[in-house]
Amino acid sequence: MSKFRPGRALGITVGALAILLIGVYGPATLLGPLPMVKATVVSAPAAATAATPPVLPAAGTSAVVSLVPPAAGTAMTATTVATTPIAAAGSTTPLPMAAAAKILAALVVLSAKPLDAGAAGPGVPITPADYQDYLDYVANGARTVIVFPGETWTQQELLQAMILGSSNNHADTLARWAFGSVDAYVTAANAWLAKEGLAGIHVADATGLADASVGTGTDLARLAGLAATNPVISQILASPASTLVGQRGVDNTTAYLPEEGITGLSRSYTDAGGVCFLFTASVGTAPAAFTFAGALIGEPDYDTLTADLKALMASAKAGVTDLPILAEAAAYVRFDAPWDATASGVVKTGKTRFGWQAAPVGAATLDLDAFATGRSGTTVGRVTVDASGEAVTSPLVLDATISAPGPGWRLLNPVPMISALLEQ
């Protein structure tokens, strides 16, 4: 009978545990997954081009918005045509907007009575009420284009007289024809504004002569952008009519400072509203041209309007350029592995944006992949920045290789290795 030996039993137990540990720990550390690298966001590189904001008047209310027509097949709305405002100035409270209300009337009537660009459209008879309107506006010294009872004007001719001639009597005629009455038009126009998200505009008539027809510079600039990309309105502005019904002439009241690259949509004056101007403007030549829409409301006189528009266009010519937004190889994040390997996540493809950088580029947003090792040039995420309302993005890649550690590090660092195994 053998005698129990405590030392021998302990040795067997230790040996068994060692064999077990070697059999489990060794494969777990040598063959198991590596811990992920730690990502640390670094300060974004300074912009190479300083922001050049638009010069806008402090009086009244004014704004400019970048003009981006929607893709083919996309409905034109205030959000699909005009993007985030480039800049706004003056009052944020809606102010009387004079004949800018007629541009709204054109859009609202065309939404109810669609018309193809260049088409004459249906004939609209001039009623005694239309003729009386003409007489009343003439008596009050308001803009008109003469009509007579019994005449027939096409829809296109009515729009030409209202847009180009700023005819108040034609605005009322269109409102009555499309909606049955001016009051019904006002209800429909305010509903249309609400649907389009243009809460800064409210109308009380079709002409803008009413002081209660008001708008903010920002929403009126968006309205200008919407009108400028409407095929019917843009065709009327591009090809002004020399004669209308009965060889009647119509003066183009919209054109103003075309030599500055400006296309007027509506130019008018009322005692309450001052000088009000809706327009689009372009800087550069195609394909490197930047077009924006704008509104200057409540200008005291035409000399001031001229000076303010020239200052705005000078700032546009200084501010519109090919802007570096994301510089190639610029680092936005540093990756550190537990085994002291390190690399940076850098911009793979530099991105520029032709336009007006009115404000500094926004903070970067990073979308990073989880990884443990990677070769130089491997895509590890994306960086996105806001450039005046436009999201500009580019892949991030490693600027150096993060290689796997050797077996010694794996065996001597059980905590990160076992943690990585458990996380997986």
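The values are calculated or read from the model by the stated rules, or taken from the named source; none is laboratory data. Quantities reported herein were computed from a predicted structural model and do not represent experimental measurements. Backbone-built Cβ (ideal geometry, glycine too); neighbour counts: all protein chains shown. We work out accessible area using only protein heavy atoms, side chains counted, and drop any ligands, DNA or RNA first. Shrake-Rupley method; radii C 1.70, N 1.55, O 1.52, S 1.80 Å.
Listing for the model above:
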{"read-out": "Sulfur and carbon atoms: percent of accessible area, the chain [1.4 Å]", "value": "58"}
{"read-out": "Cβ-based net charge around Ala391, under 14 Å, with every Lys or Arg adding one and every Asp or Glu removing one", "value": "0"}
{"read-out": "Charge tally in the Cβ shell below 15 Å around Pro258, where Lys, Arg are +1 and Asp, Glu are -1, Pro258 excluded", "value": "0"}
{"read-out": "Sequence ranges 163-169, 331-337, 88-94, ranked by mean other-Cβ count within 10 angstrom, highest first", "value": "163-169, 331-337, 88-94"}
{"read-out": "By average C-beta atoms within 10 angstrom, highest first, the peptides 316-325, 297-306", "value": "316-325, 297-306"}
{"read-out": "Residue-count net charge about Ser167 - beta-carbon cut-off 15 Å; Lys, Arg +1, Asp, Glu -1", "value": "-3"}
{"read-out": "Amide hydrogen neighbours beyond the local backbone of Thr144, cut-off 5 Å, H modeled", "value": "Asn168"}
{"read-out": "Alpha carbon centroid spacing (whole Å) that separates segment 164-198 from segment 383-424", "value": "60"}
{"read-out": "Fully extended contour minus Cα-Cα distance, from Ala139 to Ser43, at 0.36 nm per residue", "value": "27.8 nm"}
{"read-out": "Set of lysines near Lys348 by C-alpha distance (under 25 Å), chain-local residues within fewer than 8 positions excluded", "value": "Lys38"}
{"read-out": "³J(HN,Hα), Karplus 6.51/-1.76/1.60, whole Hz, each residue of segment 210-215, x for Gly, Pro", "value": "6, 4, 7, 8, 10, x"}
{"read-out": "Eligible aspartates and glutamates near Lys195 by straight Cα distance, threshold 14 Å, same-chain separation 8 or greater", "value": "Asp219"}
{"read-out": "Paramagnetic reach from Lys310 in segment 259-301 [backbone N under 16 Å; point 7 Å along Cα→Cβ]", "value": "259-262, 301"}
{"read-out": "Mean Cβ count within 10 Å, highest first, over the residues of peptides 214-223, 414-423", "value": "214-223, 414-423"}
{"read-out": "Chain lengthening between Lys317 and Ala391 when straightened (0.36 nm per residue, less Cα-Cα)", "value": "24.3 nm"}
{"read-out": "Long-range HN-HN contacts of Trp153 with modeled amide H, under 5 Å", "value": "Val124, Ile126"}
{"read-out": "Residue-normalised accessible area of the chain, given per residue in Å² at a 1.4 Å probe", "value": "46"}
{"read-out": "Value at 222 nm in deg cm²/dmol, rounded to 500, when DSSP H runs of n ≥ 4 in the chain each add -39,500 (n - 2.57)", "value": "-11000 deg cm²/dmol"}
{"read-out": "On Cα atoms only, tilt of 128-139 relative to the major axis of the chain in degrees", "value": "90"}
{"read-out": "Karplus-derived HN-Hα couplings along segment 177-182 (A = 6.51, B = -1.76, C = 1.60, θ = phi - 60°), whole Hz, x at Gly and Pro", "value": "5, 7, 10, x, 6, 5"}
{"read-out": "Set of lysines near Lys317 by C-alpha distance (under 28 Å), chain-local residues within fewer than 8 positions excluded", "value": "Lys351"}
{"read-out": "Cut-off 20 Å (backbone N to label point 7 Å along Cα→Cβ of Ala199), residues of segment 213-233", "value": "213-224"}
